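FYI, it's all coordinate maths here, none of it is from the lab. Here the structure is a predicted model, which means the values were calculated and not measured. Positions of Cβ are generated from backbone atoms using ideal geometry, with glycine treated the same way; all protein chains shown enter the neighbour counts.
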Amino acid sequence: MSAVANICKKINFPLTPLGYQVENVDASIAESIDHHGMYWDMGAGKTFGSTLRNMIYRDETGAQIIQVVPPILIRQWARWLDSCGISNTVYVGTKKQRSKLTLGRDTSYLLIPLGILKNDYDRIYETYSARKISVAVDEATCIKNYDSGNFRAILQLQSGQAIMPMTGTPLATPSDAYAYIKLISPEIYRSFSQFENIHVGSKDYFDTVTEWKNLDVLKKNLGLRSSFISTPEVHPDMPRARISDIEYDLAKSHEKLYRTLVDQQLLVFDNGGAIDASTPSKLYHAVQQIVLNYGYFAQQNDLVPAGFEVLDEMVAEVGRAKLLVFANYKMSVRAIVEHLRKTGVAAVQVNGEISAKEKFDNIEMFLKNPLCQVLVVNTISAGKGLDGLQHVCHYMLFMEVPTVALTFWQAVKRLERPGQKFITDVRIATALGTVQVRMRKNLIQNDGLVNSLVPSANDLRNALYGK
């Protein structure tokens, strides 16, 4: 009997698994019950699919599931498991509150944010080390850097246990594949040095990879004990996103200020204040932020950047429809929200400047209040995991350009996902004569490189060319 069919007889799931979910989960169990990479595209049913697989594993081995979850998704996961009748403990709160939580052997799931797992690692490890567990990592891009504390925490916790990283966009660069392969198929590469010897063709003076090799081998290794599902392939009737550019020029005075910052790496003001961009890192971030934060860099709060004219035009164009806006920096998110509110547009934000409760409240307001028209979010922190936006919105605007395809597509998939009734209108605003032009070019190149390794129906270059 199918493993999925068997577990569905034992658990009263609120959904019936679709054919491709049954096929992929059954195949993954047959290939390796302990190790699996679930690289299912956003909207392909990764939540249900992973739950099926985890509960099959628990049914067959008695294991408990430790699921690492982004903080913004923890309530969503708890609600889902509750709807399935699956016992779970949400491990959040203050240190004192967490210390009072009972970590019993009968609870199926422990839902825990990665930051709290690292803070309370000793307690979690001591409690579960003598038990059979499976470590599942939702939005597993948080562990893609093999030399990070995030990766090491998961590697140590799952040692000798089962592991399942879950993400629709596993790679930002080919080097990210090493972390997943080390977890899923640790026998493939002895070390990262061996990985580089096999796959790195050349590096530049700054030790940045300029050429990759043997990518066909890397693609094969990444695919071992893993499944890949593209949402458009399993939901062919779902409206696909239409992606386009909006190019604009800075005002002459703004352009002059931008060039002064680039050339002198320092802005000095009459009041004695200054903006220091004297290191490559400071300059890199400063030239990105000056595009939308003209008033701050000029020390004149009444100055409005040309990018906000693009924003105003799109708000006017969509009429009463809702709009999702992405930006990379806290300063930019704040400036966009303040500008919209000054012009009479109801806007809320979701980024690192507000509390977790405010994030949930703002999302709920955008979803349920017809008067709340614009949601402004940080591309990285809020560009993944959020579901439900597709039911109320199909317009999206990038005010600052991400350079990594992983980040871009995660953001796009907030709206281009099952449940969307309209073509998602995605626009990338690019200020000519600024770093944004190079960033857009890098985004397209990165998208092409990643697509050579991960099966995907997404192709940004063709989308921008209208193909």
| field | Helix-derived mean residue ellipticity, 222 nm - over the chain, DSSP H n ≥ 4, -39500 (n - 2.57), to 500 | value | -12500 deg cm²/dmol
| Under a point-charge model restricted to the Cβ atoms of Lys and Arg (+1) and Asp and Glu (-1), what is the dipole moment magnitude of the chain relative to its Cα centre, in debye to the nearest 20? | 980 debye
| Listed peptides 426-434, 294-302, 156-164 by packing density, highest first (mean Cβ within 10 Å) | 426-434, 156-164, 294-302
| field | Dipole axis of the range 3-229 (+1 Lys, Arg; -1 Asp, Glu on Cβ), positive-most option in 226, 208, 128 | value | 128
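Divide, for the chain, the radius of gyration over alpha carbons by 2.2 N^0.38 Å, where N is the residue count.
1.02
Dipole of the range 3-229, Cα-centred, from +1 at each Lys and Arg C-beta and -1 at each Asp and Glu C-beta, to the nearest 20 debye? Kindly include the intermediate steps, with their values, before the conclusion.
On the way: 25 positive and 22 negative charges, 161 e Å.
The dipole of the range 3-229 has a size of about 780 debye.
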| field | Efficiency of FRET from Cβ geometry, residue 121 and residue 249, R₀ 41 Å, rounded to 0.05 | value | 0.20
| said: Under 18 Å between alpha carbons, and skipping anything fewer than 8 positions from residue 100 in its own chain: which aspartates and glutamates qualify? | reply: 120, 122, 126
| field | Dipole-positive endmost among 236, 119, 409 within the chain (Cβ charges, Cα centre) | value | 119
| query | Helix 74-84 versus the longest principal axis of the chain: what is the Cα-based angle in degrees, 0 to 90, to the nearest 10? | reply | 40 degrees
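Which value, in debye to the nearest 20, describes the size of the charge dipole of the range 239-329 about its Cα centre when Lys and Arg Cβ atoms bear +1, Asp and Glu Cβ atoms bear -1, and nothing else is charged? Don't skip to the end; give the middle numbers.
On the way: 8 positive and 12 negative charges, 73 e Å.
Computed about the Cα centre, the dipole is about 360 debye.
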| remark: Checking the range 368-425 for chymotrypsin sites (Phe, Trp or Tyr not before Pro) in a loop per DSSP with at most 13 other beta-carbon atoms within 10 Å yields 422
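How large is the direction-averaged shadow of the alpha-carbon convex hull of the range 3-229, in nm²?
Working: hull surface 51.8 nm².
One quarter of the hull surface, i.e. the mean projection, equals 13.0 nm².
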| Entries in 413/441; 10/359; 182/330 that, when Cα-Cα distance is taken, lie over 28 Å | 10/359; 182/330
| field | Cα-Cα P(r), the range 42-122, percent of pairs per 10 Å interval | value | 17, 52, 28, 4
